[in-house]
Structures are given as C-alpha cells and as structure tokens.
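Structure record follows, encoded as structure tokens.
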Amino acid sequence: MLKLLRVGLYSLVGLLALGVLGVQLLRATALDDDDKALLALARQAPAPAEGRSGFAALSLSDYDIPADRLEAEMAAEVQAYTSWLAGQGEAARAASRTVADGSDAIGSGQWTTKLASRYPARKPIGYDSPLCGLSATDCLARVRGDTGEMRAFLAGESARLSVVDQALAANHLHSPYPPSHQAPFLPFATLRLSLTQAAMDAADGRVPQALSRTCRTLSAARRFTPGARDLVNKMVFPGLAEGAAALLLDIRREHPAEPLPDDCRDALRPVQADDYLICEAMRGEFRMGAALSASQDRALAG
C-alpha cells in the first residue's frame, strides 16, 4: 500500500515538473527574433527632453501657486505619486484578501494630490466653460456673438492665463511622472483661455496683439505635437493647432493689410511628417502598458 502511494506521489510530482518545464519551454519559444526586435523597438526610451519644460506651469494651473514655487511643488508631486504608485501592489493584494474574506474591496486606486491643503484651488476649467473649443473653427464668430458671459469669464482668469502663457512658451510639455496610465493628465481645457483671449483681442480691435497671441498658440501646439509621448497628447495638440490656425485665418480675412508679427514665423513653417506620425506616442503607450503588467505581476507574485 505504501509503495503504491509513493509511486502515485512520485508520478504526480513528475507530472507537475513536466508541466512547469512545458510552460517554461513555451515562454522561451513564444518570441522569435523578429518579435524580440519589435519589442526592443517598442521599449526604446525617448530622447532626453531639451530646453525648458512647461509641464509644471500647466499641470499645477488649477492652484494659486507662486511662480517661484512651481518647479519645487512639481518635484514634490512626482515624488509623492511615485511612492503611491509603488504601494499599489500591496494595495491590490490587500484588496484581493479583503474580497476573499467576503468583504467589499476598499480604495479607489486613484492618485489624489494634497496641493489643496497648501494652496488655494481654482475651479477647474471644464469643457462646458464659455470658451472657444480647442479645435473650434468658429472662435472669432463665437466671441462676436458673446452676450457677456465669455468676457466675464476671461476677466476672472487673468492669473491663470498668465500661467498658460508660461506653458505655451516652453520647449516641451513632457510629463515627469513615471510611465503609468494612472498618472495625472494635464488640464488641457485650460489652453482654451489663450484662443479665446486672442479672439477677444481681435473683436475689440487689438489686431496686432490678437495675431501675436494666435501665432504663439499655434507655434506651441505644433512644437509640442512631434514629441508627444502618448496618444492623448498626440490628439490634443494637433486639435489646438487646428483651432489656432482657423482663428488666424479668420483674423487675416478681416484684416488682410495687417502685417504678420515675428511670432508667426515658426507657426507657419511647412508641415513635417513628425507632426502626424505616432511612433513615439505608441511607444509611450507600450511603456505604460508594460509598467502596468509588471506591477500586476509583482502584486500577484506568491
């Protein structure tokens, strides 16, 4: 009887060992050289960002933070988020144990900033705000038809518009957060302030200022587009460029004799392929997906 039990136990262990070896063999042969080359291309890290970043200015624009504190607060946000992200594996394990015990899982798994405890918060600019849309082609007409709501809204956002101008004047808007789908998005709707202010300047007869602001906005959108590191940015900035280009055309049609300012030189450069190619954005999406998979693997280990 004992001999039969030993034989059965050894047979079971042998089958398990064969199963493990089979899985490892499948893993080793699942990717051929071409697949590995494609993965290496997808994992290719982006070139280091050059020049001044406008990410902090735009990212933190929903809080009344002194200009000389923006970079320090951004660094603190990134550090706090990185620590939070590292703890999500244990949070997932805890939630799994809670569900296994028959209780409801606790925690939203969503990062929440603590900036509101230190700085006055501004009401976020939503897509329902009385402003021109990012890619709207009727901005000047909307401003001319304003009943006063749009003008009043702009008048109350002069401080935030100044921060938007800082962001638009930067060389890039690359995120300093680790690759993650949970990282905070930029408040893209805030960029609508610049388009609407330019149209308001044109409607009020400040045509040189309107042309200058419109071209600065268009130039920034075109500058940020080629190096976009995720699909959201790759869609938002061409949309902003479309809105700014449409506004510039409308202003020029009404004032054909007004000379274009120097700000329009870069804004009107010829279109390049990188303005629309999405290779870097897709690599960024892959890096975020790979980071999520690795995090889940660590969370489920054991």
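Are any residues in the stretch 274-300 open to solvent by 80 Å² or more (accessible area, probe 1.4 Å), in contact with a Pro (Cβ under 8 Å, 6 or more places away or on another chain) and modelled with pLDDT under 85, and if so, which ones? Answer for the stretch 274-300, where residues must be open to solvent by 80 Å² or more (accessible area, probe 1.4 Å), in contact with a Pro (Cβ under 8 Å, 6 or more places away or on another chain) and modelled with pLDDT under 85: just 274.
Results for (1) modelled with pLDDT of 70 or more; (2) open to solvent by 80 Å² or more (accessible area, probe 1.4 Å), shown as yes or no for each residue.
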| residue | (1), (2) |
| --- | --- |
| 67 | yes, no |
| 70 | yes, no |
| 79 | yes, yes |
| 82 | yes, no |
| 86 | yes, yes |
| 103 | no, no |
| 110 | yes, yes |
| 114 | yes, yes |
| 119 | yes, no |
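Counting just the residues of the stretch 241-262 that are open to solvent by 40 Å² or more (accessible area, probe 1.4 Å) and under 24 Å from the mean Cα position of the chain (by Cα), which one comes out nearest to residue 285 (Cα to Cα)? It comes out as 242. Applying the criterion of being closer than 19 Å to residue 240 by Cβ and among the polar types (S, T, N, Q) to the residues of the stretch 131-160, the residue that is least open to solvent (accessible area, probe 1.4 Å) is 135. If the condition is being surrounded by 24 or more Cβ atoms within 10 Å (Cβ to Cβ) and closer than 30 Å to residue 148 by Cα, then the stretch 216-240 contributes 217, 218, 220, 221, 237, 240. The listed residues are 195, 191, 211, and the only one of them that is aliphatic (A, V, I, L, M), touching a Gly at 6+ places or on another chain (Cβ under 8 Å) and open to solvent by less than 10 Å² (accessible area, probe 1.4 Å) turns out to be 195. At least 2 residues being under 26 Å from residue 64 (Cα atoms) is the threshold, and among the helices (runs of 4 or more DSSP H) wholly inside the stretch 117-219 those reaching it are 149-155, 158-168, 192-203.
The values are calculated or read from the model by the stated rules, or taken from the named source; none is laboratory data. Computed from a predicted model, the values in this text were never measured in an experiment. Note that we place each Cβ from the backbone using ideal geometry, even for glycine, and neighbour counts take in every protein chain shown. Please note that ligands, DNA and RNA were not included when accessible areas were found on the heavy atoms of the full protein model with its side chains. Shrake-Rupley method; radii C 1.70, N 1.55, O 1.52, S 1.80 Å.
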